[in-house]
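The values are calculated or read from the model by the stated rules, or taken from the named source; none is laboratory data. Computed from a prediction, not measured in an experiment: that's the story for all the values here. Positions of Cβ are backbone-derived with ideal geometry, glycine not excepted, and every protein chain shown enters the neighbour counts. Accessible surface is based on the protein model in full, side chains and every heavy atom, while ligands, DNA and RNA are left aside. Shrake-Rupley method; radii C 1.70, N 1.55, O 1.52, S 1.80 Å.
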Amino acid sequence: MTTTPISAVRGMNDVLPEAGEAWDFLERTVLRCLRQYGYRPIRMPLVERTELFVRSIGEVTDIVEKEMYTFTDRLNGDSLTLRPEGTASCVRAALEHNLLYAGPQRLYYLGPMFRHERPQKGRYRQFHQVGVEALGFSGPDIDAEVIIMCARMWRALGLSDVSLELNTLGDPQARARYRARLVAYLERHCNALDEDSKRRLHANPLRVLDSKNPAMQEIVERAPRMADDLDEPSLAHFEAVQAALRRAQVGFTINPRLVRGLDYYNRTVFEWLTGKLGAQAAVCAGGRYDGLVEHLGGKPAPACGFAMGVERLIALLEAERVTIPTRVPDCYVVHQGDAAADFAWQVCERLREQTLSVILHCGGGSFKTQLRKADASGARYAIVIGEDEARAAKVGLKPLREAAAQMLVDVDEVADLVVGVRRLSGAHDGSR
Ligand code: HAM
């Protein structure tokens, strides 16, 4: 039998308890915000039929061409894929369960996504998104709402190095007009295109503009601009989104080169970028995708959404030195002797009933060792239970974070005393 340790798969990371505190903080802050705007939770499977992503994201995209974890179902030979993003699954679920019959839906989900990319800082093979999809809304107000909601989330998280870039891709006809002009331009410069771009020239020319190859930058820079082909309704829609953002004092810059890496978008597209994370600057991205519901077999319905990259936001919290409120336990219960152990169990459950967080010492040891553990746990109080306390049905309450004497108190007094002190000292982040 070999005993070589088994490590995690490349590009798929563990989140250890200390970082876990930041993840918890991010999730509860973002979720609180989503609830404030009336978004409701939806959870989709991690595995979907491959066809769903091919049809939604587009055949000639990096994700579908080279990044999907696709495998064959052993029993029936179906082609299945670990989800690389959540929009396609969310729309599929909404259609499968007729959610749109009840009217427009504001939905959110969170969880892991999988893309077989070259792992580097901020780019992983398993990463996490919080995604938002507003299905069935056609007006510019919802585009503005999802963006303004992002701005509120950044404030709530204490982040400041995030800026917004916006663009509009117009309607499908505008895209077709632009596409024709772009193809003609790229054909004229065919010799200067790299292999990827040559392949995309006819299949998905807009993606050529997204090339990260430095040698392609001049061609990209000089390419015709989409603005000249845009249709009036899309321009008016875009104007209205911008006006709403100005009213809400959310700053932005227009980036006519912003095209996004997934094919389902039309009209408004946006990215939130930071200058603090090097090449992986996009912490959140999204836009409108009015054609997807119909494309996936539903009655036509407009839609708009975004997804934020949790790993990148966690890295940004660290880069911006945001203090993460940690949740320390209220009490750590130490005990010695059989009767004390029995009583300690009852005390713990009683205090938890009263919403305190309580760690019961497990594993025995002298009071001295147990109290050392109590101190290391970060708890505000040790609750000391010996045979005497157990007999008197009382507990010793020993403050651990201030120089005060141990008191003998009734169990029912503990919660009041601890909560009172917690309130006075603002010891918690107020999230429970
Ligand atoms: P996306 O731009 O592919 O859009 O991903 C959204 C965000 O997920 C990115 O801005 C980035 O923060 C994060 N992300 C993407 N790939 C990785 C990776 N390999 N490692 C770490 N983070 C990553 C979508 O996924 C769309 N479904 C967004 C959307 C929702 N549009 C409309 N609704």
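In this structure, does GLY278 turn out to be surrounded by fewer than 18 Cβ atoms within 10 Å (Cβ to Cβ), among the small types (Gly, Ala, Ser), within 24 Å of ASP229 (Cα to Cα) and under 23 Å from the mean Cα position of the chain (by Cα)?
Spelling it out, it is not the case that GLY278 is surrounded by fewer than 18 Cβ atoms within 10 Å (Cβ to Cβ), among the small types (Gly, Ala, Ser), within 24 Å of ASP229 (Cα to Cα) and under 23 Å from the mean Cα position of the chain (by Cα).
Residues of segment 147-156 being within 14 Å of the ligand (Cβ to nearest atom) and aliphatic (A, V, I, L, M), which ones?
ILE147, MET149, MET153 - these are the residues of segment 147-156 that are within 14 Å of the ligand (Cβ to nearest atom) and aliphatic (A, V, I, L, M).
Which of the residues that make up segment 49-86 are open to solvent by 40 Å² or more (accessible area, probe 1.4 Å), small (Gly, Ala, Ser) and touching a residue at least 24 places away in the same chain (Cβ under 8 Å)?
SER79, the sole residue that qualifies.
Does segment 161-177 include one or more residues that are open to solvent by less than 40 Å² (accessible area, probe 1.4 Å) and more than 18 Å from TYR289 (Cα to Cα)?
Yes, that holds for at least one residue.
Given ARG260, ARG288, ARG312, which one is surrounded by 16 or more Cβ atoms within 10 Å (Cβ to Cβ), within 16 Å of the ligand (Cβ to nearest atom), of a type in the set (Lys, Arg) and modelled with pLDDT under 95?
ARG260
I'd like the residue in segment 345-403 that is assigned to a strand (DSSP E or B) and among the small types (Gly, Ala, Ser) and, out of all such residues, is nearest to CYS331 (Cα to Cα).
ALA382
Just to verify a result, which residue in segment 128-146, among those that are among the acidic types (Asp, Glu) and open to solvent by less than 10 Å² (accessible area, probe 1.4 Å), is farthest from the ligand (Cβ to nearest atom)?
Restricting to residues being among the acidic types (Asp, Glu) and open to solvent by less than 10 Å² (accessible area, probe 1.4 Å), the top hit is ASP143.
Give, as residue ranges, the helices (runs of 4 or more DSSP H) completely inside segment 120-213 that count at least 1 residues that are of a type in the set (A, V, I, L, M, F, W, C) and within 30 Å of VAL15 (Cα to Cα).
Qualifying helices (runs of 4 or more DSSP H): 140-157.
Given (1) touching a helix residue (DSSP H, G or I) at 6+ places or on another chain (Cβ under 7 Å); (2) surrounded by fewer than 20 Cβ atoms within 10 Å (Cβ to Cβ); (3) of a type in the set (Ser, Thr, Tyr), identify the lone condition not met by TYR101.
Every condition holds for TYR101 apart from (1).
With the checklist (1) within 30 Å of ASP141 (Cβ to Cβ); (2) open to solvent by less than 90 Å² (accessible area, probe 1.4 Å); (3) of a type outside the set (Ser, Thr, Tyr) in hand, flag the one item ARG43 doesn't pass.
Single failed check for ARG43: (2).
Please work out if VAL328 is away from the ligand (no atom under 12 Å from the Cβ), open to solvent by 20 Å² or more (accessible area, probe 1.4 Å), at pLDDT 95 or above and out of contact with any Asp or Glu (no Cβ under 9 Å at 6 or more places or on another chain).
Answer is no for this residue.
Only one residue in ARG350, ARG380, ARG432, ARG401 is charged (D, E, K, R), open to solvent by 60 Å² or more (accessible area, probe 1.4 Å) and either at pLDDT below 90 or under 34 Å from the mean Cα position of the chain (by Cα) (or both). Which one?
Step by step, each of ARG350, ARG380, ARG432, ARG401 is checked, and only ARG432 is charged (D, E, K, R), open to solvent by 60 Å² or more (accessible area, probe 1.4 Å) and either at pLDDT below 90 or under 34 Å from the mean Cα position of the chain (by Cα) (or both).
Which residues, taken from segment 94-119, are among the hydrophobic types (A, V, I, L, M, F, W, C) and in a strand (DSSP E or B)?
LEU107, LEU110, MET113, PHE114
When segment 291-303 is examined, which residues are found to be over 14 Å from ASP143 (Cα atoms) and within 12 Å of the ligand (Cβ to nearest atom)?
LEU292
As an exercise: evaluate MET1 against (1) closer than 26 Å to HIS295 by Cα; (2) part of a loop (DSSP other than H, G, I, E, B); (3) at pLDDT below 95 and give the number of the one condition it does not meet.
Of the numbered conditions (1) closer than 26 Å to HIS295 by Cα; (2) part of a loop (DSSP other than H, G, I, E, B); (3) at pLDDT below 95, the odd one out for MET1 is (1).
Suppose we filter PHE238, PHE270, PHE252 for residues that are at pLDDT 95 or above and within 11 Å of the ligand (Cβ to nearest atom); which single one remains?
One residue alone meets the criteria, PHE270.
Among residues belonging to segment 65-93 that are away from the ligand (no atom under 14 Å from the Cβ), assigned to a loop (DSSP other than H, G, I, E, B) and not aliphatic (A, V, I, L, M), point out the one that is farthest from GLY298 (Cα to Cα).
Per the criteria, the residue is ARG74.
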